[in-house]
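Below is one structure, written out as structure tokens; the observations come after it.
The values are calculated or read from the model by the stated rules, or taken from the named source; none is laboratory data. Just so you know, these numbers come straight off a predicted model, no measurement behind them. As a convention, Cβ positions derive from the backbone with ideal geometry for all residues, glycine included, and neighbour counts pool all protein chains shown.
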Amino acid sequence: MSDVFERRDFCRAVAASALTLLLPSARAGQFPDRPLKIIVGFSPGGPTDVITREFARRLEREIGQPVIVDNRPGAGQVIAMQAAINGGADGYTLVIGTPGGFSIGPKLYKNLQYDPKKFVPVTPLTTQANILVALPSFPASSFTELVKLGKTRKAPINYGSLGAGSSVHLAMEMFKKKSGLDAQHIAYKGEAPALLALKSQEVELGAITMFGVLSRIRSGELKALGVFQAKPDSNLPQIQTTVQAGFPDIDLPSWVGLFAPPGTPKNATDKIEAAARRVLQSAGFLAYLSTVGNGPLALDNAAFVSMIQKQTLQLGEVIDAMQLKPE
């Protein structure tokens with residue numbers, strides 16, 4: 001009788017051990033089984049936040065779990081990146097990446113507690129043009145005309161941007177260097193005050209993102225002189241590009257991507273990527289992006305990483321030349 005119980009206990013123990021070994025795989029197959037969090041390194045209401053929230057709302061339907069947006073602004077997105085690492089590498093904490101967090105911040109902040117190159121790219125999301133705008137009365141209407149105008153001016157042209165060290169500020173500084181344009185920068189804290197300064201003629205030009213000015217250009221309130229990128233912008237294809245103006249080395253669109261902390265399991269990032277790409281390919285999300293001056297960043301992850309590396313080199317050269325320091 002005791003032999004029977006011993007054999008029965010042994011079989012139960014083996015079965016329990018086998019079940020324990022199988023549980024991780026079962027859990028992996030069930031990912032995600034609780035809400036996901038996307039950390040955004042900008043305040044609520046800004047372009048990156050607004051687009052992320054629309055994306056998150058649609059991702060919920062594809063992934064089958066709530067997707068929470070957590071704003072952690074400040075320090076060139078360093079706070080957001082560190083918060084993502086602190087959140088754990090289990091697939092449930094993600095972070096929005098932009099040129100500021102991956103190319104500019106690491107150049108400005110020397111003692112980071114993380115390496116941005118080790119973050120796992122889940123998928124590129126969106127792209128938008130960095131654009132130079134003016135009031136309709138400004139005497140130049142393209143990059144080419146602006147360079148000619150600058151040569152006739154005794155005083156520098158002044159321009160405002162949404163912030164020192166922003167990708168659009170650095171794109172304009174690169175344009176100045178390549179073209180020889182004499183222009184003085186005035187930094188504002190965000191697009192709204194930069195546009196207000198332009199409207200009140202406190203500055204002559206505005207280096208802004210397409211998100212902030214598309215509707216104003218279409219209404220005639222502002223005019224666009226050019227986009228700081230090689231390809232024409234799909235929203236305003238008639239606007240001159242840097243290539244068309246004779247500066248092919250300047251190709252600095254802004255972008256948004258979704259990343260996971262270093263060490264996040266591939267099965268988790270693969271599942272999120274598949275769901276995210278379904279959102280990006282949906283007619284509804286594409287229509288939404290066109291209303292806010294953005295478009296899908298249609299790259300595979302390898303090409304996305306290559307693009308980031310190229311931009312990092314370009315922006316790093318500008319930062320070094322300017323001897324730019326964090327504010």
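Listed values, structure above:
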{"item": "For D320: the one exception among (1) under 20 Å from the mean Cα position of the chain (by Cα); (2) closer than 30 Å to K110 by Cα; (3) assigned to a helix (DSSP H, G or I)", "result": "(1)"}
{"item": "Count of the range 110-139 residues which are touching a Pro at 6+ places or on another chain (Cβ under 9 Å), over 30 Å from A89 (Cα atoms) and not in a strand (DSSP E or B)", "result": "1"}
{"item": "Hits in the range 178-225 (condition: small (G, A, S) and closer than 25 Å to K154 by Cα)", "result": "S179, G180, A183, A187, A194, A197, S200, G206, A207, A224"}
{"item": "Residues that are in contact (Cβ under 8 Å) with a residue 12 or more places away in the chain, more than 20 Å from the chain's Cα centre (by Cα) and either crowded, with 19+ Cβ neighbours inside 10 Å or not in a loop (DSSP other than H, G, I, E, B) (or both), drawn from the range 174-186", "result": "F175, K177, K178, S179, L181, A183, Q184, H185, I186"}
{"item": "Selection within the range 187-223 - crowded, with 18+ Cβ neighbours inside 10 Å, without any contact (Cβ under 8 Å) to a residue 40 or more places away in the chain and farther than 13 Å from A134 by Cβ", "result": "Y188"}
{"item": "Criterion (on the phi > 0 side of the Ramachandran plot, surrounded by fewer than 22 Cβ atoms within 10 Å (Cβ to Cβ) and modelled with pLDDT of 95 or more) met by exactly one of G91, G45, G64, G74", "result": "G64"}
